[in-house]
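Each value in this text was obtained by applying a stated rule to the coordinates, not by laboratory testing. Predicted, not measured: the structure shown is a model, and the values here were computed from it. Cβ placement follows ideal geometry from the backbone for every residue including glycine, while neighbour counts extend to all protein chains displayed.
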Amino acid sequence: MKIWFISDTHNEHLGLQVPDVDLVIHCGDESTHGNASMNKPQARRFFDWYSGLNIETKVFVPGNHSTAVEQGLIRADDYPAVRFLIHDSMQWNGLKLFGSPYTPRFHDWAYMKKRTQLDLVWQSVPGDVDILITHGPPKGVLDLAHDSESKALVQVGCTALRRQVEERIKPKIHAFGHLHDEKCISNYGIYTRGATQFINCSCCNLAAKLKNHGFVVDV
């Protein structure tokens with residue numbers, strides 16, 4: 001069985017090379033606009049395309065740019081061919097998937113929580129998850145960015161998420177996006193540590209230009 005992992009397509013989905021797979025998982029940020037009303041037509045164009053893909057199972061986990069989804073302007077009922085996972089789980093071919101959109105607060109985007117709140121969020125993820133899908137990365141894993149003031153390289157992933165993933169959940173795969181490639185930084189990639197294969201599948205770079213086409217993984 002083959003899974004296609006993609007994320008952060010930011011309105012550039014039509015440029016993606018669509019592989020022959022059994023399941024596609026989008027880890028959020030299908031659109032760009034911070035205003036939910038302005039985001040809605042962007043999101044609709046994405047979901048019209050996504051729901052029409054010739055792939056048997058299609059999963060979507062929102063991201064911080066999924067403002068129309070967060071505000072209820074785009075509803076799961078509108079797209080029955082797509083399984084929305086908003087801090088929820090599903091079964092697929094004997095594997096348990098869990099998807100969650102939450103990331104540490106940065107400005108005023110969608111599905112963000114204070115870092116002090118996120119430990120409780122990640123504690124609520126079941127411990128028997130095979131494939132964990134979050135919008136953002138765990139701390140120290142494919143999560144580099146430039147500090148806005150010093151411009152130094154910093155790891156901006158979620159510490160609480162990393163702790164729960166490494167100490168308790170231990171999924172076979174942890175897929176995410178949120179942190180893009182940018183000048184002198186390559187976050188897009190696959191990294192294995194312990195029992196978990198970590199996948200940053202951000203398709204657009206920091207300038208929201210399509211540079212990557214996601215990863216196909218055999219399970």
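Only lysines eight or more places from LYS172 in sequence, or on another chain, were considered; those with a Cα closer than 28 Å are LYS2, LYS58, LYS96, LYS113, LYS114, LYS139, LYS211.
Shape analysis of segment 163-212 based on the Cα gyration tensor places the equivalent ellipsoid semi-axes at 25, 9, 9 Å, largest first. Karplus-based coupling profile of segment 149-160, in residue order and whole Hz: 9, 7, 6, 6, 6, 9, 8, 10, x, 8, 5, 5, with θ = phi - 60° in 6.51 cos²θ - 1.76 cosθ + 1.60 and x standing for Gly or Pro. Overall size of segment 1-129 from C-alpha positions, given as principal axis extents largest first: 41, 38, 25 Å.
Suppose the chain between PHE106 and HIS87 were pulled fully straight at 0.36 nm per residue; how much longer would it get relative to their current alpha carbon spacing?
Working: separation 19, 0.36 × 19 = 6.84 nm, distance 1.95 nm.
Full-extension gain reported as 4.9 nm.
When +1 charges are put on Lys and Arg Cβ atoms and -1 charges on Asp and Glu Cβ atoms, the dipole computed for segment 23-78 relative to its Cα centre reaches about 120 debye. Multiplying the residue separation of THR192 and LYS211 by 0.36 nm and subtracting their alpha-carbon distance yields 4.6 nm.
Neighbour counts of other Cβ atoms within 10 Å put TRP4, TRP109 in the fewest-to-most order TRP109, TRP4. Backbone geometry of segment 41-56 corresponds, through the Karplus equation with coefficients 6.51, -1.76 and 1.60 at θ = phi - 60°, to 3J(HN,Hα) couplings of x, 4, 5, 4, 4, 5, 5, 4, 5, 5, 5, x, 4, 7, 10, 4 Hz, x marking Gly and Pro.
Listed by chain and number, the lysines whose alpha-carbon sits under 16 Å from that of LYS151, ignoring those within fewer than 8 places in the same chain, are LYS183. Which residue, chosen from LEU97, VAL129, GLY157, occupies the Cα position most advanced towards the positive end of the dipole of segment 2-218, where the dipole is computed from +1 (Lys, Arg) and -1 (Asp, Glu) charges on Cβ about the Cα centre? It is GLY157. Segment 63-219 has equivalent-ellipsoid semi-axes of 23, 19, 17 Å, by the square roots of 5 times the alpha carbon gyration tensor eigenvalues, sorted largest first. Each residue of segment 181-193 was assigned a 3J(HN,Hα) from its phi angle through the Karplus curve 6.51 cos²θ - 1.76 cosθ + 1.60 (θ = phi - 60°); the sequence is 6, 8, 4, 6, 10, 10, 8, 5, x, 10, 9, 9, 9 Hz, with glycine and proline shown as x.
Here the residues LEU179, LEU23, LEU14, ranked from fewest to most Cβ neighbours within 10 Å of their Cβ, fall in the order LEU14, LEU23, LEU179. Straight-line cross-link reach from LYS40 at under 18 Å between alpha-carbon atoms covers these aspartates and glutamates, not counting any fewer than eight positions away in the same chain: ASP8, GLU12, ASP29, GLU30, ASP48, GLU70, ASP77, ASP78, ASP108.
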